[in-house]
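Q: Have a look at the structure that comes next, please.
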Amino acid sequence: MVNVPKTKKAYCKGKKCKKHTMHKVTQYKTGKASLYAQGKRRYDKKQAGFGGQTKPVFHKKAKTTKKIVLNLQCQICKTRHMHAIKRCKHFEIGGEKKTKGGLYG
């Protein structure tokens, strides 16, 4: 379980800042794939007509997790940059912090 705070201090390479500032943290999500990207156009052209599947379909999936990518937005100049962290099964932003000692701590 990886728990990341909603804001974190990180280096901002925007033209205004060029120093460590507070950043708002969100999780990166892949955008919708474009129908007009060159690879998609080429693939669709090749698939058209008779002849079945023309390119290999990947089946040997080995990984069970994906690398988590954080989207950091500077709170001063609004510049965004990304920061990849390690693989994990469970990930949350701004969850409750664990305390040492448990029940009586």
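The values are calculated or read from the model by the stated rules, or taken from the named source; none is laboratory data. If you're wondering where the values come from, they're calculated on a predicted model, not measured in any experiment. Neighbour counts are summed over all protein chains in view; Cβ atoms, including those assigned to glycine, are modelled from backbone coordinates with ideal geometry. The area values use the complete protein model at the heavy-atom level, side chains included, leaving out ligands, DNA and RNA. Shrake-Rupley method; radii C 1.70, N 1.55, O 1.52, S 1.80 Å.
Q: So how tilted is helix 38-47 from the main axis of the chain? Cα-based, degrees 0 to 90, rounded to 10.
A: Rounded to the nearest ten degrees, it is 40.
Q: Quick one: which of Lys13/Lys100; Lys32/Lys60; Lys46/Lys78; Lys15/Lys63 span more than 31 angstrom between C-alpha atoms?
A: Beyond 31 Å between Cα atoms: Lys13/Lys100; Lys46/Lys78; Lys15/Lys63.
Q: Counting only protein heavy atoms, what percent of the accessible surface of the stretch 16-71 is carbon or sulfur at a 1.4 Å probe?
A: 58
Q: OK, next. Long-range amide H contacts for Val2: which residues qualify at under 5 Å (H placed 1.01 Å from N, peptide plane, sequence gap of 5 or more or a different chain)?
A: Amide H neighbours of Val2, under 5 Å, 5+ apart: His90, Phe91, Glu92.
Q: Pick the calculated mean projected area of the Cα convex hull in nm² for this structure from [x] 10.1; [y] 7.9; [z] 11.5?
A: [z]
Q: Please give the charge dipole size of the chain, origin at the Cα centre, charges +1 on K and R Cβ atoms and -1 on D and E Cβ atoms. Round to the nearest 20 debye.
A: Once rounded to the nearest 20, the dipole reads 400 debye.
Q: Here is a follow-up. Accessible area per residue, 1.4 Å probe, Å², for the chain: what's the number?
A: Here the residues of the chain average 91 Å² of exposed surface.
Q: Within the chain, which is the longest segment that contains none of the chymotrypsin sites (Phe, Trp or Tyr not before Pro) sitting in a DSSP loop with at most 12 other Cβ atoms within 10 Å?
A: Result, exposed sites excluded: 59-103.
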